[in-house]
Each structure stands twice: as structure tokens, then as C-alpha cells.
1. Return, for the Cα atoms of the range 97-137, the radius of gyration and Dmax in Å, separated by a comma.
2. Hey, with R₀ at 45 Å, roughly what FRET efficiency would K180 and H238 work out to, going by the Cβ-Cβ distance, to 0.05?
3. Within the range 24-105, list the chymotrypsin sites (Phe, Trp or Tyr not before Pro) lying in a DSSP loop whose Cβ has at most 15 other Cβ atoms in a 10 Å radius.
4. Could you state the per residue volume, in Å³, of the convex hull enclosing the Cα atoms of the range 4-375?
5. Quick one: grab Rg to one decimal and Dmax as a whole number for the range 19-150, Cα atoms only, in Å.
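The numbers here are math on the coordinates, done by the rules we state, and not lab data. Not measured: the values here are computed from a predicted model. Using ideal geometry, Cβ is built from the backbone for each residue, glycine included, and neighbour counts are taken over all protein chains shown.
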Amino acid sequence: MSDEVDVGREPIRFAYWVPNVSGGLVVSRIEQRTDWSYDYNRRLAVLAENSGFDYALSQVRYTASYGAAYQHESTSFSLALLLATERLKVIAAIHPGLWHPGVLAKFIATADQISGGRAAVNVVSGWFKDEFTKLGEAWLEHDERYRRSEEFIRYLREIWTDDHAEFRGDFYRLHDFDLKPKPVTALDRPHPEIFQGGNSTAARAMAGRMSDWYFSNGRDLDGVSEQIAEVNAEAARHGGRRVRFGLNGFLIARDTEAEAREVLREIIAKADREAVEGFGSAVKQAGRSTSDGKGMWQDSEFADLVQYNDGFRTGLVGTPEQIAERIVAYRRRGVDLILLGFLHYLEDVEYFGRRILPLVRELEADAAERGELVRRAS
Ligand SMILES: Cc1cc2nc3c(=O)[nH]c(=O)nc-3n(C[C@H](O)[C@H](O)[C@H](O)COP(=O)(O)O)c2cc1C
């Protein structure tokens, strides 16, 4: 597949990680003025939608790990954020191993009705064995987790759009299930959007076949192109589906590059070494069971893991101008959405909206004037 899209017609979108677990987005003892409470998050969501963010992503975590000692549940927290906002779309992360697709489809359909069509899900296949064993659930091997997720997404889609959903799968069963009410539909939105986390070969294949959106951990430009090409090749083999691409990045913007780099240095210097190492060994163990060892985090080093989704590797550290240039460079590689994490959310989101986003839009307008195209595949 090699379709190309006009840079000006489809501007890059922005999402932020909802800080719904304690400890912030970096595993570090550096001061973080981010709070995981609902009050803080309600203010943040309103600020974010007024600062140009289209999406917020709630994390799912059931038990402490890498220092996230307290965790608010993702679907209920997401619904609360939808109620607090007017335009923001809120994506709730969910584990197929812990939900029945019909029950989740029902929950999201209700949230979607209440919010006027702004609910979405992020299907995460799981890396944290303890979470499953503590809940008394079986921990499947890596590629089986993806086989289950794929079945889950197929059923979700079917339940949201069909009046007689019927399935006998390896993981779930449905008999003439008619969900009423269905979620809100629009021409370009047949059902709530389905995102996925996971970057292994199994994850890429699932994205090509099933998901609306593929989320990547932090990566440099070539690391992103490689994933986009592979996901798109799989999508081309499955009816030329369009899969959109979201990239994680931890953003540190200051008026000078030296100040921004100093913040990054301090985050890493003050890392909670024990928590980072514990997290690193848990995720590497989880990924090692992939057939080819290509799971997320397999090549992550200590400094990368301090932001637990490799967010520093995206290189969004510097002045507003440098960061805007870098974001548009990713857009040229086919990235549709940047998922951002911050140190001091309320301050940093405001700064992003005021200082960085206008520069991004200017660069996009220049590119559009030159008739520049985004390449979707090599
Ligand atoms: C953007 C993004 C968000 C994620 N959010 C969560 C989450 O909230 N909870 C969770 O347990 N895993 C989350 N994951 C992890 C994935 O579900 C998956 O376990 C991990 O990516 C390893 O997959 P892989 O071995 O296929 O690469 C997320 C992954 C990405 C890329």
C-alpha cells in the first residue's frame, strides 16, 4: 500500500496520558507537581481540551508496580472525564483477559451515549503477570494473549454494529446478542474507536488485521517508519484497511534547550533505581516469550525505562521550535497522533497549547502550501 495524504488536510492530533496512577509518568524522585486525584485530573482534562488536545488515554493497572502504588480504575475514570469535558475523546485501556467483550461493549456504549460519541478503548494484552495471578486469572503465553485480544476486538466490533452477534470462539461465546442501545454512530465512525498497545510481531499483525489505531512506545524516526511499514503491509493484505498510528513521547519544553536537557538529566539522575530495574525485568520477561523476542522494551536501556513507555526515545526535549520541528518530522513519516506525557501536567499542558501547538500548525500550513504529502508506506 502506498497512499499518501496531504499534510494540510489531516493535521497531526494530540493525546495525553491521564495520570490516573500515583507517581506520575516517570519513575523518579524528581519533584513532580502532577497529582493522580480526580480533582486534579478534572481540571487537567478541561485545560487539555482547551489547549488543543483531542484525546486523553487512561491507564489500566490493578495493583502496584514500578512505584504506581495507587491506581484509579480506567473505565470509570474515563467516564468521569467524559462528563467533565465537552470535546475531549477519552480512551480507556482494558485487558481482554479480565473483561467479557459483551460486558465491555455495553459499558462503552453507555459511556458513548452519555458523552455524545466520545468514548474509545485501548486494548492492552498485558505484560504484568502478577496482576493476573493476584486476581486469580490464568496468565497466557505472549502470542496466545494476542490471539485472545484479536478475538475480543472482532467481537466488540460485531456487537457494536450487528443486531444478531453470534460467535463460538476459543475465548468467548455469544448467542444472538443484540446490544441496545448501540453506541453513537457517524459516517466516519461506525463505532467507538479501537486503539491497541503492544509492538511485538504478534501485536503488529493484530493491528494490520483488526485495530483502528496502533500505539507505539517511544521511538526515533526510523523506528517509527519500520513499524508503520510493517503494520501497513499487513493491513494491505487484509482489504487495504487504514490503520492510524499513535506515538508515545515524553515532552520537556523550556525556553532554552539547555534548561530542557537539564530537566531530563535530573529525571534520570534521580530515578528510583530499584523500581525501574524491577519494572525492566518484569517487562523483559513478559516479552521474552514472543516467538522472535521482538516485544516492546526488548532493547530498552535503564534510562529509557525511567519513562516506562520509552518516552524519552522520541526526542521531544528542547525549545518549542525544536519540538515542533520534530513533531512535524514524525508527521511526515506517517504518524497521525502524538501521545504525550509530562512532568508537571497542568503547567506543561498549558505551555504546550500556548507555545508549541501554534508552531506545529504553522509548519503544517507551510508544508500544505508546498503541497507536501505524508507517506504512509515505503
Ligand atoms: C500506548 C500504550 C499504552 C499502554 N497502556 C497499558 C496499560 O494501561 N496497561 C497495561 O497493562 N499495559 C499497557 N500497555 C502495554 C501493552 O498492553 C503490552 O502489554 C505491551 O505493549 C507489550 O506488548 P508486546 O510484547 O506485544 O510489545 C500499553 C502499551 C502502549 C504502547
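1. Over the range 97-137's Cα set, Rg and Dmax evaluate to 13.1, 37 Å.
2. 0.90
3. Sites meeting the loop and neighbour criteria: Y70.
4. For the range 4-375, the hull spanned by Cα atoms encloses 128 Å³ per residue.
5. 15.5, 43
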